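The values are calculated or read from the model by the stated rules, or taken from the named source; none is laboratory data. Please read all numbers here as calculations on a predicted model, not as lab measurements. Note that we place each Cβ from the backbone using ideal geometry, even for glycine, and neighbour counts take in every protein chain shown.
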Number of protein chains: 2
Amino acid sequence: MSEIKIVDLKANVLEDNDKLAEKTRERLNIEHTFLLNLMSAPGSGKTTTLTRLIETLKDEMKIAVMEADIDSDVDAIRIKEAGAESVQLHTGGMCHLDADMTCQGLDSINSKDYDLVVLENVGNLVCPAEFDTGATKNAMILSVPEGDDKPLKYPLMFQVADVVIINKTDVMPYFDFDLVKAKKNILMRHPGIEIIPVCAKTGEGIDKLADWIRKEVRK
Amino acid sequence: MSEIKIVDLKANVLEDNDKLAEKTRERLNIEHTFLLNLMSAPGSGKTTTLTRLIETLKDEMKIAVMEADIDSDVDAIRIKEAGAESVQLHTGGMCHLDADMTCQGLDSINSKDYDLVVLENVGNLVCPAEFDTGATKNAMILSVPEGDDKPLKYPLMFQVADVVIINKTDVMPYFDFDLVKAKKNILMRHPGIEIIPVCAKTGEGIDKLADWIRKEVRK
């Protein structure tokens, strides 16, 4: 039997992506631009959290948001109304953003003109966690209705995140969501990670999240 | 310049998958087994809905559930406790199930022994919609906290679904979820599709969903 060469396509794709992601981080460092990659499941409140953050921070820093969506531009419009520059990246059915798509987005907005750029990734707890976008830091939102067991089911997402935002805390009384258990599950996946409970709808906790952003932008 | 041959890997993968999916449906037809592919975002209540369905239907038909999860076996244990056969399919980081993985699952449980097999897909509104699993029918759950705009953002999921279950109707008063608007958005993506509002937590509406299943199983 002849020897068959096995090509691991996925490993190569990820390796190329990692290289470009590193280059992107170097570029952002030179430009003094902080790029936050914001990930979550669909409907966790990414856009509402962002509009709150923009309202809180827009007088202190220049902000732009890159909205990744398979289709539609409903989010980009909401972001613009909140007072930040906004660009819609249509992924054409792709379930995640990679470093190349992120670079295209950064070029299109002239990233060096901004202190903070937020990449609102595709609503998905699986694929976005696998692809380094080149962002300075990763944030993920876990919303109360999704359940406190999500870190058990989507381990990688919690491992790659630098901060976990627990959103929709106002509806905690109506769900079997145990905040202590949620924190324990998150910390099991990622020891020492920052966890910030917020309610984007009422604005509760947004100040603490804004403080985390301020500290990162000043670095 | 020489002509470069372009190989569309994704199209080939999907074509091969479609063939196997068709074969799987023929096999299930011969076995008189109804396979339901259940999809949703993470935390929409797939497992809770399934445990309610099992409690309602277990004395009328033989039921098995194939639980797809990246990691963990928390869902498979809950299903077993509800009274159905249950197998855990670990996807090894994959964000969806394809026809081949589904076949492996069907073989492992001896699908011909069951009237109803439910495939609980990976919690993800993007990738599972692209891959035909070979299921007889597709169901998707949209839960109230995710918002009534999801059909605008994840069009394919609503196009491939044969029935949309709107779950967590008990928390409707605490969210900006407009049932009329949700139905309109769903029907725009998939005219004439069946929409069944339920509350898996309290059991409300599960009878209507059970009726839909009964009708399909008898076909």
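Which members of the stretch B:174-194 meet the condition of being surrounded by 18 or more Cβ atoms within 10 Å (Cβ to Cβ) and either of a type in the set (Gly, Ala, Ser) or away from chain A (no Cβ under 11 Å) (or both)?
Within the stretch B:174-194, B:Ala182, B:Ile186, B:His190 qualify.
When the stretch A:52-65 is examined, which residues are found to be without any contact (Cβ under 8 Å) to a residue 60 or more places away in the chain and of a type outside the set (D, E, K, R)? Reasoning before the result, please.
Here is the first cut: in the stretch A:52-65, the ones without any contact (Cβ under 8 Å) to a residue 60 or more places away in the chain are A:54-55, A:58-59, A:62-65.
Result: A:Ile54, A:Ile63, A:Ala64, A:Val65.
Do we have any residue at all in the stretch B:132-146 that's in contact (Cβ under 8 Å) with a residue 40 or more places away in the chain, over 14 Å from B:Leu38 (Cβ atoms) and of a type in the set (D, E, K, R)?
Looking through the stretch B:132-146, at least one residue is in contact (Cβ under 8 Å) with a residue 40 or more places away in the chain, over 14 Å from B:Leu38 (Cβ atoms) and of a type in the set (D, E, K, R).
For the stretch A:11-62, which residues satisfy the criterion of being surrounded by 14 or more Cβ atoms within 10 Å (Cβ to Cβ) and of a type in the set (Lys, Arg)?
Correct list: A:Arg25, A:Arg27, A:Lys46, A:Arg52, A:Lys58, A:Lys62.
Step by step: first the residues of the stretch B:59-83, then only those that are of a type in the set (Lys, Arg) and in contact with a strand residue (DSSP E or B) (Cβ under 8 Å, 6 or more places away or on another chain), then the one that is modelled with the lowest pLDDT. Which residue is that?
Here is the first cut: in the stretch B:59-83, the residues of a type in the set (Lys, Arg) are B:62, B:78, B:80.
Remaining after also requiring in contact with a strand residue (DSSP E or B) (Cβ under 8 Å, 6 or more places away or on another chain): B:62, B:80.
Values: B:Lys62: 97, B:Lys80: 88.
Only one residue fits best here, namely B:Lys80.
Tell me, please, whether a residue that is within 17 Å of the chain's Cα centre (by Cα) and part of a helix (DSSP H, G or I) can be found in the stretch B:25-37. Please lay out each step first, then the result.
Start the filter on the stretch B:25-37 by keeping residues that are within 17 Å of the chain's Cα centre (by Cα), which leaves B:25, B:28, B:33-37.
Keeping just the survivors that are part of a helix (DSSP H, G or I) gives B:25, B:28.
Yes - at least one qualifying residue is present in the stretch B:25-37.
Which condition breaks for B:Met172 when tested against (1) closer than 17 Å to B:Ala41 by Cα; (2) touching a helix residue (DSSP H, G or I) at 6+ places or on another chain (Cβ under 6 Å)?
Of everything listed in (1) closer than 17 Å to B:Ala41 by Cα; (2) touching a helix residue (DSSP H, G or I) at 6+ places or on another chain (Cβ under 6 Å), B:Met172 misses just condition (1).
Find all pairs meeting these conditions: Cβ atoms under 9 angstrom apart; at least six residues apart or on different chains; first residue within the stretch A:26-42 and over 21 Å from A:Leu209 (Cβ atoms) and within 14 Å of chain B (Cβ to nearest Cβ); second residue at pLDDT 95 or above and part of a strand (DSSP E or B).
Note: no pairs meet the criteria.
State yes or no: is A:Ile186 without any contact (Cβ under 8 Å) to a residue 60 or more places away in the chain and closer than 30 Å to B:Thr48 by Cβ? Explain how you work it out, then say what you get.
Details: without any contact (Cβ under 8 Å) to a residue 60 or more places away in the chain: yes; closer than 30 Å to B:Thr48 by Cβ: yes.
It is true that A:Ile186 is without any contact (Cβ under 8 Å) to a residue 60 or more places away in the chain and closer than 30 Å to B:Thr48 by Cβ.
Search the stretch B:150-173 for residues being among the hydrophobic types (A, V, I, L, M, F, W, C) and under 11 Å from the mean Cα position of the chain (by Cα), and hand back the single one that is nearest to the other protein chains (Cβ to nearest Cβ).
Pass one, the stretch B:150-173, residues among the hydrophobic types (A, V, I, L, M, F, W, C): B:152, B:156-158, B:160-161, B:163-166, B:171-172.
In the following step, the residues that additionally are under 11 Å from the mean Cα position of the chain (by Cα) were identified as B:157, B:160-161, B:163-165.
Numbers: B:Met157: 9, B:Val160: 13, B:Ala161: 15, B:Val163: 19, B:Val164: 14, B:Ile165: 15 Å.
Within the stretch B:150-173, the match that is nearest to the other protein chains (Cβ to nearest Cβ) is B:Met157.
Of all residues being facing another protein chain (nearest Cβ under 10 Å) and in contact with a Leu (Cβ under 8 Å, 6 or more places away or on another chain) in the stretch A:128-146, which is farthest from A:Trp212 (Cα to Cα)? Just the residue, please. Walk me through it before giving the result.
Going residue by residue through the stretch A:128-146, those that are facing another protein chain (nearest Cβ under 10 Å) are A:128-130, A:142-146.
Adding the requirement that they be in contact with a Leu (Cβ under 8 Å, 6 or more places away or on another chain) leaves A:128-130.
Numbers: A:Pro128: 22, A:Ala129: 21, A:Glu130: 24 Å.
Per the criteria, the residue is A:Glu130.
A:Asp149 passes all but one of (1) on the phi > 0 side of the Ramachandran plot; (2) surrounded by fewer than 23 Cβ atoms within 10 Å (Cβ to Cβ); which number fails?
Of the numbered conditions (1) on the phi > 0 side of the Ramachandran plot; (2) surrounded by fewer than 23 Cβ atoms within 10 Å (Cβ to Cβ), the odd one out for A:Asp149 is (1).
Say we look at the stretch B:195-215 and pick out the residues that are surrounded by 20 or more Cβ atoms within 10 Å (Cβ to Cβ) and touching a residue at least 60 places away in the same chain (Cβ under 8 Å); which of these is farthest from the other protein chains (Cβ to nearest Cβ)? Walk me through how you get there before you give the answer.
Our first condition is that a residue be surrounded by 20 or more Cβ atoms within 10 Å (Cβ to Cβ); within the stretch B:195-215, this holds for B:197-200, B:206, B:209, B:213.
Of the ones still in play, those that are also touching a residue at least 60 places away in the same chain (Cβ under 8 Å) are B:198, B:200, B:206, B:209, B:213.
Values: B:Val198: 15, B:Ala200: 12, B:Ile206: 18, B:Leu209: 20, B:Ile213: 24 Å.
Only one residue fits best here, namely B:Ile213.
Results for (1) among the small types (Gly, Ala, Ser); (2) in contact with an Asp or Glu (Cβ under 6 Å, 6 or more places away or on another chain); (3) modelled with pLDDT under 95; (4) under 22 Å from B:Glu81 (Cα atoms), shown as yes or no for each residue.
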residue	(1), (2), (3), (4)
B:Ala21	yes, yes, no, no
B:Asn29	no, no, no, no
B:Arg52	no, no, no, yes
B:Leu57	no, no, no, yes
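Conditions first: (1) in a loop (DSSP other than H, G, I, E, B); (2) more than 14 Å from every other protein chain (Cβ to nearest Cβ); (3) touching a helix residue (DSSP H, G or I) at 6+ places or on another chain (Cβ under 9 Å). A:Asp59 passes all but one, so which condition is the exception?
(3)
Results for (1) within 14 Å of chain A (Cβ to nearest Cβ); (2) under 23 Å from A:Pro155 (Cα atoms); (3) in contact with a Phe, Trp or Tyr (Cβ under 9 Å, 6 or more places away or on another chain), shown as yes or no for each residue.
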{"residue": "B:Ala82", "(1), (2), (3)": "no, no, no"}
{"residue": "B:Ser86", "(1), (2), (3)": "no, yes, no"}
{"residue": "B:Leu89", "(1), (2), (3)": "yes, yes, no"}
{"residue": "B:Cys95", "(1), (2), (3)": "yes, yes, no"}
{"residue": "B:Cys103", "(1), (2), (3)": "no, no, no"}
{"residue": "B:Ser108", "(1), (2), (3)": "no, no, no"}
{"residue": "B:Asp115", "(1), (2), (3)": "no, no, yes"}
{"residue": "B:Glu120", "(1), (2), (3)": "yes, yes, no"}
{"residue": "B:Val126", "(1), (2), (3)": "yes, yes, yes"}
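Looking at (1) under 20 Å from A:Phe131 (Cα atoms); (2) buried (at least 23 other Cβ atoms within 10 Å of the Cβ), find the lone condition where A:Ile79 falls short.
Of (1) under 20 Å from A:Phe131 (Cα atoms); (2) buried (at least 23 other Cβ atoms within 10 Å of the Cβ), only one is false for A:Ile79: (1).
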